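Working notes, structure below.
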Amino acid sequence: MAGILKNHCLLITVLFLCCFCSWRQINGYESLVHPKDILPLLPRQVSWPIINSLHSAVDLLPAFMGAASIEGNNTLEWKGACFYKNIAWLELHNKSKSQFGGGTLHIKVSNAHSWTCLDLYIFATPYRVTWDYYFLSREHTLEIKEWKSEAELDYVKNRGVSIFLLQAGMLGTLSAIWNAFPLFVNNGWGEKSNIGFLEKHMGASFEERPQPWVTNLTTDDIHSGDFLALSKIRGTWGAFETLEKWATGSYAGHTAVCLRDTEGKLWVGESGNNNDKGENVIAILPWDEWWEFELTKDNTNPHISVLPLHPDLRAKFNETAAWEYARSMAGKSYGYHNLIFSWIDTIDGNYPPPVDAHLVASVMTVWNQIAPEYGSNLWNEALNKRLGTQNLSLPNILVEVEKRGSSFAKLLAIPEQDDWVYRDGKSASCVAFILEMYKEGGLFGELANSIQVTEFTIKDAYTLNLFENNSSRLPKWCNADDTVKLPFCQIRGKYRMELPGYNSMDLYPHMNERCPSMPPKYYRPQGC
């Protein structure tokens, strides 16, 4: 009883403070506390639902405020989450008596919205990333004892030090971590979290299908060139696909393709299949083996649909050429080199807020320091190709871009070329592998040389007008147990798959090379 009374008294006190704080702000005074700042004082069963409703995993992403320049240049000013008036400038010196000297980043913060808030910051150059937080209204300093090279010194002289704000603050960031963690958990909690993220940030719907959730299909009705769309919603791969879907607007996260050999045996070609060494490679597997894995061993709760090719295109599909291409790629690594470049087509129209090219560069810098070989595999070689250089490290790439009077945002937006060869061969993501096979098989016709399929996302692929458009020609088992008749055949999954824009877009030259993709509507201008 005493505990209940104590909680009630605390709740009344907090509510009074919230009202009092709001009244003081309305009347032009700085609040002693802010309602958000005192939420932790509430009982956990009351506070955490409120906190979680205010923040999500996206709040882990810092927002670019600008770059602090050296004294004498323009002073950077911005509004923070806690402190509403902030200025920063960079002072160069050589207190360390080192070859390239060092510097002091000055950050003056003021006009806090309450006495109990703080701001969290990340500071970055192409060569380093660090962080700090500020609780008191005054001038703060961040000491950089020594620049790592002449290139870093030249960079900060010209471009300054980038400043990123964690807009959710300390409490919101902790809440965001709490919300992000279950995305990677391989159980019902993780599945619910991924579904909730996609519903909130993409407007996706997850309507439950009637059982059975696995179709009793007949493989005789599956043909060469039929497209397989997959969506995983739990575990590490489920989390990765969730973030990919949010960034690109795709409602599927993985793809594969069907092929029949000269004896009529059905196979599945897939870029991103795990081999015996745990590597993600391009593989060609018998259908029975692939399907058995998806039914019994894939613990990500995959949802799978067959998108049958249109009969007219199936008739002209050159299986021999498709097989030749597939075999030439078998065993090669998954297309890490150009994975992100299919998504980034524009300078600022592909980044869900607060992501931008500055943040991408900083994330790459962190990754480059933690796992340089992996980071190099993901983007260094591709960025060198866009610059026309060879073997430049990420920091040197960023510096070289600035020397040329360009920007990293423009560099990222340069279209990938299908004929680029990386150190381990041509690079093909799951969807690029399929579309390249379609090109080789003659489905792109005279447009084959004017379309770069490595620029296509999964959404770009399933919206192509290549698939069956007459529901009466779909196999009898297609959606047989579902009251809602989809225009394609879902063969596995508890929830009904949705593919907005499915089978609606004709091919045209240079398509998907300059298309924005901003959530939640993902508006796509005609002809982009």
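The values are calculated or read from the model by the stated rules, or taken from the named source; none is laboratory data. It should be emphasised that the depicted structure is a prediction, and the values quoted were computed from it without experimental measurement. FYI the Cβ positions are ideal-geometry reconstructions off the backbone, even for glycines, and counts take in every protein chain you see. Ligands, DNA and RNA are excluded from the accessible area calculation, which covers all protein heavy atoms including side chains. Shrake-Rupley method; radii C 1.70, N 1.55, O 1.52, S 1.80 Å.
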Area of residue 355 that stays accessible when all protein chains are in place (1.4 Å probe, Å², to 10): 30 Å²
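Between residue 507 and residue 319, take the C-beta separation as r, use R0 = 25 Å, and let me know the FRET efficiency to the nearest 0.05. Walk me through the numbers on the way to the answer.
Numbers: r = 20 Å, r/R0 = 0.82.
Rounded to the nearest 0.05, the efficiency is 0.75.
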Lysines whose Cα lies under 23 Å from that of residue 277, excluding same-chain neighbours fewer than 8 positions away: 232, 297, 332, 426
Where does helix 430-440 land angle-wise versus the long Cα axis of the chain, in degrees 0 to 90, nearest 10? 40 degrees
Rg/Rh for the range 342-401 to two decimals, with Rh computed the Kirkwood way over all alpha-carbon pairs. 0.96
Calculate the radius of gyration of the Cα atoms of the chain to one decimal place, then report Dmax, the largest Cα-Cα distance, as a whole number, both in Å. 26.5, 82
Reduced to Cα centres, the span from the range 211-267 to the range 401-438 in Å works out to 24 Å
Excluding residues fewer than 8 positions from residue 108 in its own chain, the lysines with Cα under 30 Å of it are 36, 79, 85, 95, 97, 145, 148, 157
In degrees rounded to 10, the 0-90 angle between helix 319-329 Cα long axis and the longest Cα principal axis of the chain is 40 degrees
Rounded to the nearest 10, the angle in degrees between the Cα long axis of helix 2-26 and the longest principal axis of the Cα atoms of the chain comes to 80 degrees
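Keeping all protein chains in place and using 1.4 angstrom, which order do 162, 328 fall into by accessible surface area, from largest down?
328, 162
Tell me, Kirkwood radius of the range 376-528 from alpha-carbon pair distances, in Å?
Working: mean 1/r = 0.0548 Å⁻¹.
With all distinct Cα pairs of the range 376-528 included, I get 18.2 Å.
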Residue-normalised accessible area of the range 246-312, given per residue in Å² at a 1.4 Å probe: 40 Å²
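So what is the relative contact order of the range 211-333, in percent, for Cα pairs below 8 Å that sit 6 or more residues apart? Write down the numbers at each step before the final one.
Details: 175 pairs, mean separation 36.7, N = 123.
Relative contact order for the range 211-333 comes out at 30 percent.
What longest region of the chain stays clear of chymotrypsin sites (Phe, Trp or Tyr not before Pro) that DSSP places outside H, G, I, E and B and that have at most 12 other Cβ atoms within 10 Å?
30-522
Would you calculate a helix-derived [θ] at 222 nm for the chain, using -39,500 (n - 2.57) for each DSSP H run of n ≥ 4 and dividing by the full residue count, to the nearest 500? All intermediate terms of the calculation are to be shown ahead of the outcome.
Working: 16 runs with 171 residues, N = 528.
Roughly -9500 deg cm²/dmol at 222 nm, from the helical runs in the chain.
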Express as a percent, rounded to the nearest 5, the fraction of DSSP beta bridges in the chain (both residues included) that run antiparallel. 95 percent
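With all protein chains present, how much of the accessible area of the chain (probe radius 1.4 Å) comes from carbon and sulfur, to the nearest whole percent? Please report the intermediate quantities before stating the final value.
Values: 13270 of 24650 Å².
C and S atoms contribute 54 percent here.
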Straight-line reach from residue 410: which aspartates and glutamates fall under 20 Å, measuring Cα to Cα and dropping same-chain residues less than 8 apart? 345, 348, 356, 381, 400, 402, 418, 455, 513
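For the range 415-528, with every protein chain kept in place, what is the accessible area per residue (1.4 Å probe, Å²)? List each step's numbers first, then the result.
Numbers: 4880 Å² over 114 residues.
About 43 Å² of surface per residue is accessible.
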Average accessible area per residue (Å²) across the range 65-131 - probe 1.4 Å, nucleic acids and ligands excluded: 46 Å²
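Subtract the Cα-Cα distance of residue 189 and residue 477 from 0.36 nm times their separation in residues, and report this length gain in nm to one decimal.
Values: separation 288, 0.36 × 288 = 103.68 nm, distance 3.22 nm.
Value of the extension gain: 100.5 nm.
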What does the convex hull of the Cα atoms of the range 428-504 come to per residue, in Å³, rounded to a whole number? 119 Å³
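Please report the orientation-averaged projected area of the range 186-336, defined via the convex hull of its C-alpha atoms, in nm².
Working: hull surface 40.8 nm².
Averaging across all directions leaves 10.2 nm² for the Cα convex hull.
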